[in-house]
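Here the structure comes first, spelled out in structure tokens, and everything after it is commentary.
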Amino acid sequence: MWTCGMLKANARQALQGRYWRSFWVTLVLSLLGGGASGINLNYNLNNLGSSPEQTAAQFYDMPALAAPLVLALLSAAFIVLVLGALWNVFLSSPLRVGGCRYFMESRQAPSPFGTLFSVFRTPYLNVVKVQFLTGLKISVGYLLLLIPGIYWTYCYAMVPYLLAENPYLTTTRAMELSKQMMYGEKVRLFVLELSFIGWYLLCALTLGIGLFFLTPYTQATFAEFYAAMRAKALAQGLATTDELGGFVTHDTNP
């Protein structure tokens, strides 16, 4: 039976002599994985008039160059949103799987920085598909009713780690196995996340800069959580070593 203190202690041990390499890995993940949705486009039609008829009238009363300018801005906004979505699907989301693989390998021995990008080898498109469909289901849960979205977030929390270990898993199998592994563990994972609240408050005092230095610790801890869930799955016969074959051990210097 794992505890928050046990996972954190294991994470600190895994980071010994490897912290700065892990820091650069998480920094790259933050820069490449978190910049796709940083633009907030909010166009309020009420500023053009109090009714659709007045809005239309004011639109046609614009100077000759105003209407094409508005259309050009809206077109540019649409292109930015599409590019942002593609960035997330084909780059950010697979990189999160690569990050999971890096921290799982780093538990055993120093893992090369390039492990982060190993996901872009075959079967890259399967990783993209599984991550996209899993994220789509979670997003639909949040849009329809908030509770299903939160529930599915925790049910499928292990999907990126499962893909990091076996990128050939189908969408159905990855989601099913993650849900089985997370049975009875969802509240405990929430408590584990909540245990970092003090660190997050300290990071807030640094205007968020401290998060860059905290992230290696949190990611190493969640890797320890997956290790515990993986051991549980193998012990309960939910998966076999043929399906979850483990992670590479690298004979490299820290």
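Give me the Kirkwood hydrodynamic radius of the range 121-196, using the inverse of the mean 1/r over all pairs of distinct Cα atoms, in Å to one decimal. All intermediate terms of the calculation are to be shown ahead of the outcome.
Numbers: mean 1/r = 0.0778 Å⁻¹.
Evaluated over the range 121-196, this radius sits at 12.9 Å.
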Checklist outcome for this item: The computed P(r) of the range 164-247 puts the percent of Cα pairs beyond 19 Å at 49
Next on the checklist: Suppose only helical runs count, i.e. DSSP H with n ≥ 4. What mean residue ellipticity at 222 nm does that imply for the chain under -39500 (n - 2.57) per run, divided by all residues and rounded to the nearest 500 deg cm²/dmol?
Outcome noted: -21000 deg cm²/dmol
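Provide the per residue accessible area, probe 1.4 Å, for the chain, rounded to a whole number of square angstrom. Kindly include the intermediate steps, with their values, before the conclusion.
Numbers: 14420 Å² over 254 residues.
Accessible surface, normalised per residue, equals 57 Å².
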Checklist outcome for this item: Karplus ³J(HN,Hα) for the range 93-106 (6.51 cos²θ - 1.76 cosθ + 1.60, θ = phi - 60°; Hz, whole; x = Gly/Pro) runs 5, x, 4, 4, 5, x, x, 4, 5, 4, 6, 6, 5, 5
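Carbon-plus-sulfur fraction of the accessible area of the range 151-254, 1.4 Å probe, in percent? Can you show the working numbers first?
Values: 3440 of 5220 Å².
After summing per-atom areas, the C and S share lands at 66 percent.
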Item to check | Helix 210-235 axis, angle to the chain major axis (alpha carbon atoms, nearest 10°) | outcome: 60
Checklist entry - Taking the Cα centre of each part, how many Å lie between the range 181-251 and the range 105-145? => result 15
Checklist entry - Dipole magnitude of the chain about its Cα centre, charges +1 at Lys/Arg Cβ and -1 at Asp/Glu Cβ only, in debye to the nearest 20? => result 600
Checklist entry - Where in the range 164-190 does the label zone of residue 122 land, with the point 7 angstrom along Cα→C-beta and an amide N cut-off under 18 Å? => result 166-170
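Tell me, what is a quarter of the convex hull surface for the C-alpha atoms of the range 112-254, in nm² with one decimal?
On the way: hull surface 41.8 nm².
Mean orientational projected area (the range 112-254, Cα hull): 10.4 nm².
What area, in nm² and to one decimal, does the C-alpha convex hull of the range 89-144 cast on average over all directions? Walk me through the intermediate numbers first.
Working: hull surface 17.1 nm².
One quarter of the hull surface, i.e. the mean projection, equals 4.3 nm².
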Item to check | Hits among lysines - C-alpha to C-alpha of residue 129 under 23 Å, sequence gap 8 or more where chains match | outcome: 137, 179
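Summarise the long-distance tail of P(r) for the chain by giving the % of C-alpha pairs beyond 32 Å. Could you put the intermediate results ahead of the total?
On the way: 10155 of 32131 pairs.
Value for the chain: 32 percent of Cα pairs lie more than 32 Å apart.
The values are calculated or read from the model by the stated rules, or taken from the named source; none is laboratory data. Predicted, not measured: the structure shown is a model, and the values here were computed from it. Heads up, the Cβs are rebuilt from the backbone with ideal geometry, glycines too, and the neighbour counts pull from every protein chain shown. Just the protein is used for accessible areas: all its heavy atoms, side chains included, with ligands, DNA and RNA removed. Shrake-Rupley method; radii C 1.70, N 1.55, O 1.52, S 1.80 Å.
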